[in-house]
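Following: one structure in structure tokens, then a few remarks.
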Amino acid sequence: MPLSLGELAVRFGCELRGDPDTRIERVATLANADDRALAFLANPRYRAQLGATRAAAVVLSEQDAGDCPAALLLCANPYATYARIAALLHPPRPLSAGVHPTALVAAGAHIDPSAEVGAYTCIGERASIGARALVGPHCRLAEQVSLADDVRLVAGVTLGPGVQIGARTVLQPGVVIGADGFGFAPEKGAWLKVPQVGSVRVGADVEIGANTTIDRGAIEDTVIEEGVKLDNLIMIAHNVRIGAHTAIAACTGISGSATVGRRCMIGGAVGIAGHISIGDDVVITGKSSVTHSITSAGVYSSTIPIEDARTWRRLVARFKRSGQFEDRLRRLERAAGMKSGPETPEEDHD
Amino acid sequence: MPLSLGELAVRFGCELRGDPDTRIERVATLANADDRALAFLANPRYRAQLGATRAAAVVLSEQDAGDCPAALLLCANPYATYARIAALLHPPRPLSAGVHPTALVAAGAHIDPSAEVGAYTCIGERASIGARALVGPHCRLAEQVSLADDVRLVAGVTLGPGVQIGARTVLQPGVVIGADGFGFAPEKGAWLKVPQVGSVRVGADVEIGANTTIDRGAIEDTVIEEGVKLDNLIMIAHNVRIGAHTAIAACTGISGSATVGRRCMIGGAVGIAGHISIGDDVVITGKSSVTHSITSAGVYSSTIPIEDARTWRRLVARFKRSGQFEDRLRRLERAAGMKSGPETPEEDHD
Amino acid sequence: MPLSLGELAVRFGCELRGDPDTRIERVATLANADDRALAFLANPRYRAQLGATRAAAVVLSEQDAGDCPAALLLCANPYATYARIAALLHPPRPLSAGVHPTALVAAGAHIDPSAEVGAYTCIGERASIGARALVGPHCRLAEQVSLADDVRLVAGVTLGPGVQIGARTVLQPGVVIGADGFGFAPEKGAWLKVPQVGSVRVGADVEIGANTTIDRGAIEDTVIEEGVKLDNLIMIAHNVRIGAHTAIAACTGISGSATVGRRCMIGGAVGIAGHISIGDDVVITGKSSVTHSITSAGVYSSTIPIEDARTWRRLVARFKRSGQFEDRLRRLERAAGMKSGPETPEEDHD
């Protein structure tokens, strides 16, 4: 679906510097675009590529509009404008409304006639599938699952009993929502399973990455609010609540009953302890361990950057004998007739 | 299936303070229970909610039996008693014995007539499915898989050749047991695949969380003993052995040929190195790195709690120049005519 | 398929010490082999088991050929030779060429007649399946997926539009390749999805472990070069490139647009930041955080080994008050009339 630069400028409110009749067929990177392609510049690390690009046009902001052989589409938020143009040029496959003959739909389930249900998918009793929803192949929706309008389950998605998915939410392949939470009562040296009778509510405009798992609540529901973006291989335990528009990178795990605020940005492979609370607008760097609640907005970290292994071994050895350093400091201070540094209560009572 | 408080008290050996004819329909939290619901108190963090609960009854221990408007069921282990009552009030869906017409069962497989085999499931040659076992939809059981009585495979579970699952064990959706272990021999700058000819044996009363993977042994079997509880997205490598009644939280990875003792508690996102051994009754805090064997019971950690990012950057910078501190200490000691602190052999020879 | 030691010695260029007519039926460990089994010794940790083995024969190198009751097959790389013999003794199930009647293959897809396509698998338009490829049950291949000759998709594998898989590559169950990358543009406090129009190219002789995910590129392709070995539950984000013959252990996450060189060895649960570059022949120890580019070959680490929890708490407390140590050092140096140690610019300006 080629589009002219003139149409794009009008549609997305850009200032156009170039020929409005130039036709764009696809998006491409600055480095590899050709004269049918549109590129964008949002990250300064790619600015050096601007001068040599062969793109037909580049989306960028006024302050980057320097020396560039291509036509320019100027706007305030080039990355968002690029996203909108890319969606227009590369639209998703149109739905093929109806239920595939191999899909198994329980008699009491409701499927909107405009929805597409794919091959070999199983839909349980009293499930409800909204308008224009896509349920790809090999999905399994247990009883009373509810999908709002325009939901997309790409393929191989599992939704447990009573799981609710909000409008326009996208679930990538392998996602499991509503499996039992990890609840076991200790009794005589063994573990007794605690029935997990809550479910999961996922808001509108959420995206959940491949093979991510969100467990059902122990009693009440696990909740993912609207606009949340979860990457791949994330674990959300039972009774967690994630606030609206929070984004979480891959491999992060959030333990039971933790709450995360709105508009947070959580890096990859972060661990968040159970029963703690993280406020709004908190940023956590990748691989950090969140062991206590965070009440103020801001950036938090416990990321330990790599060193070459020999340096690292020395650093660790020194870290592990830090008690000796402290003793030596104290001895020196005593010899110099100086007052010793304060000691923490933890150290005193250990 | 409503039950009276009198029945519950008798059945579970509780002391009842309240009307034995009160009928309970479901479980709920202290905060949100109504007069048909039973709540419980096991975690002191929720004790403050006791006075205001509208629950019909609360399960708790004698020492928590304070001021509470609800009827009380007193017992020694309220969490375990709650779990048993919840299982009674919220029983799992009853099995629908038989093989779904779309399931593909090899001619030489044995399916107990009381078992349920779900839609689109594939069962290989010489597989054996025990009494009252549930094999949900979209499972694939390779040849010679054996499920003992009352096993439950919720949905979309993959079991490789020869995998054995003990009685009453539950596998959540997306679990993969018996994929090839990560075995490759280096040869001339490339990797040669080492056939993985062992399998996996999982004991009775085990639970395995969504999308967790357990690899088959290289030569002998990978072994998960009875009563083990594994959360979601855990990786168990080939030839690992996990001792009975050990519980492991999500996102933890255990490398090849490691052994973990009985009744251990391993936090989330822990990494355990290969070929090491962890004894019985060991507790590891979340995100720790277990790089060497542990012979004594106890609690172990290398969790680094977050700080605000500015403080954290200073701490890391100081850590990385700890060698300068040591030099400065030594200079001061020399100036004061004091003997310098001991140095580790590692430091000496580096 | 039993084989004689004489045949094995000739076929794999080993020196045989023992009876060439001895027949071998299977492989086994040194500890548990019987007189029909072949064992191997490559890891010195098992050398002590050599004297007591009841194996019919042992594959090992000249320098380990000590006191052993079994016949010996001597060679330069015993682990690789063992791998080849094991593959001969335990061959994979032979293919059953053809498309299972329940598989759904789009009219425009091309399936080589020697390939096997399993039950309930769905193959999209213009997909192409090479000679002797195995596509196990419950796989979903979107439009234009291409599998080269001898590829093996064990079961339940998802390949998104346009994904290309090289010859002999093996994908374990639950692998998802070509799901959308995690690309969202911030706009007015919410996230706008950026269409992911690239795909994924996987080279020849790659192995990808269970439930691992590799996202499609944002504009150009994510690339896994030939001979790469990926363990289970690994996350490869969009636009990543992994160099040939690199091996990565389980639970590792690689962020968007990072590049990893050739012949690297990345431990388990490592986190690699986005947009950085790791050179060839780099080794990273398990659980490290790679936050910056690495240009030189070598070993790198930020692994923090566990301690008992009481020691660990003291170490962390001391680490967190390391600023006080520095102050005390400075005071002592001033009192002794010595020049204070250098301070880092970061510290100065903080």
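In this structure, is B:ALA237 touching a Pro at 6+ places or on another chain (Cβ under 6 Å) and within 21 Å of C:GLY174 (Cα to Cα)? Before the answer, list the steps.
Numbers: touching a Pro at 6+ places or on another chain (Cβ under 6 Å): no; within 21 Å of C:GLY174 (Cα to Cα): yes.
Considered against the rule, which asks whether it is touching a Pro at 6+ places or on another chain (Cβ under 6 Å) and within 21 Å of C:GLY174 (Cα to Cα), B:ALA237 comes out as no.
Identify all residues within the stretch C:252-266 that are in a loop (DSSP other than H, G, I, E, B) and either buried (at least 24 other Cβ atoms within 10 Å of the Cβ) or outside the structural domain of C:ALA148 (by TED's automatic domain parsing) (or both); write none if there are none.
The first filter runs over the stretch C:252-266 and keeps only residues in a loop (DSSP other than H, G, I, E, B), leaving C:252, C:255-258, C:261-264.
Across the stretch C:252-266, the qualifying residues are C:THR252, C:SER255.
Only residues that are at positive phi and more than 21 Å from the chain's Cα centre (by Cα) were counted across the stretch A:180-239, and they come to 2. Does A:GLY198 satisfy being assigned by TED's automatic domain parsing to the domain that holds A:ASP112 and touching a residue at least 40 places away in the same chain (Cβ under 8 Å)? Answer is yes for this residue.
I'd like to know if the stretch B:217-232 contains one or more residues that are within 10 Å of chain A (Cβ to nearest Cβ), surrounded by 23 or more Cβ atoms within 10 Å (Cβ to Cβ) and touching a residue at least 60 places away in the same chain (Cβ under 8 Å). Checked against the condition, which is being within 10 Å of chain A (Cβ to nearest Cβ), surrounded by 23 or more Cβ atoms within 10 Å (Cβ to Cβ) and touching a residue at least 60 places away in the same chain (Cβ under 8 Å), the stretch B:217-232 yields at least one hit. Once the stretch C:78-99 is narrowed to residues that are crowded, with 17+ Cβ neighbours inside 10 Å and free of Cβ contacts under 8 Å to residues at least 40 places away in the same chain, the residue that is farthest from the chain's Cα centre (by Cα) is C:VAL99.
For B:LEU329, the requirement of being at pLDDT below 95 and facing another protein chain (nearest Cβ under 7 Å) is met. Go through the stretch B:56-77 and give me each residue that's more than 16 Å from B:GLY6 (Cα to Cα), more than 29 Å from the chain's Cα centre (by Cα) and aliphatic (A, V, I, L, M). Within the stretch B:56-77, just B:ALA65 meets the criteria. Residue count for the stretch B:304-326, restricted to those that are closer than 17 Å to C:LEU315 by Cα, within 35 Å of the chain's Cα centre (by Cα) and either among the acidic types (Asp, Glu) or at pLDDT below 90 (or both): 1. Beta carbons closer than 8 Å, at least 6 apart along the sequence or on distinct chains, pair a first residue in the stretch C:233-250 that is among the polar types (S, T, N, Q) with a second that is at pLDDT 95 or above and assigned to a strand (DSSP E or B) for C:ASN239/C:THR222; C:THR246/C:LYS229; C:THR246/C:VAL260; C:THR246/C:MET265; C:THR246/C:ILE266. Is it the case that the stretch A:121-130 has a residue that's assigned by TED's automatic domain parsing to the domain that holds A:VAL200, assigned to a loop (DSSP other than H, G, I, E, B) and touching a Pro at 6+ places or on another chain (Cβ under 8 Å)? Looking for residues that are assigned by TED's automatic domain parsing to the domain that holds A:VAL200, assigned to a loop (DSSP other than H, G, I, E, B) and touching a Pro at 6+ places or on another chain (Cβ under 8 Å), one finds at least one in the stretch A:121-130, hence yes. In the stretch B:272-279, is there at least one residue being outside any loop (DSSP other than H, G, I, E, B), more than 7 Å from every other protein chain (Cβ to nearest Cβ) and surrounded by 16 or more Cβ atoms within 10 Å (Cβ to Cβ)? Scanning the stretch B:272-279, I find at least one residue that is outside any loop (DSSP other than H, G, I, E, B), more than 7 Å from every other protein chain (Cβ to nearest Cβ) and surrounded by 16 or more Cβ atoms within 10 Å (Cβ to Cβ), so the answer is yes. Here A:CYS139 fulfils each of the conditions (1) farther than 19 Å from A:ASP205 by Cβ; (2) within 10 Å of chain B (Cβ to nearest Cβ); (3) under 21 Å from the mean Cα position of the chain (by Cα) apart from (3).
Among the residues of this structure, C:SER293 does not count as one that is in contact with a helix residue (DSSP H, G or I) (Cβ under 9 Å, 6 or more places away or on another chain) and under 22 Å from B:LEU315 (Cα atoms).
Return the residues of the stretch A:8-64 that are part of a helix (DSSP H, G or I) and modelled with pLDDT under 95; say none if nothing qualifies.
A:PRO44, A:ARG45, A:TYR46, A:ARG47, A:ALA48, A:GLN49, A:GLU62, A:GLN63, A:ASP64
The values are calculated or read from the model by the stated rules, or taken from the named source; none is laboratory data. Treat the numbers as computed from the prediction; the structure is a model and nothing was measured. Using ideal geometry, Cβ is built from the backbone for each residue, glycine included, and neighbour counts are taken over all protein chains shown.
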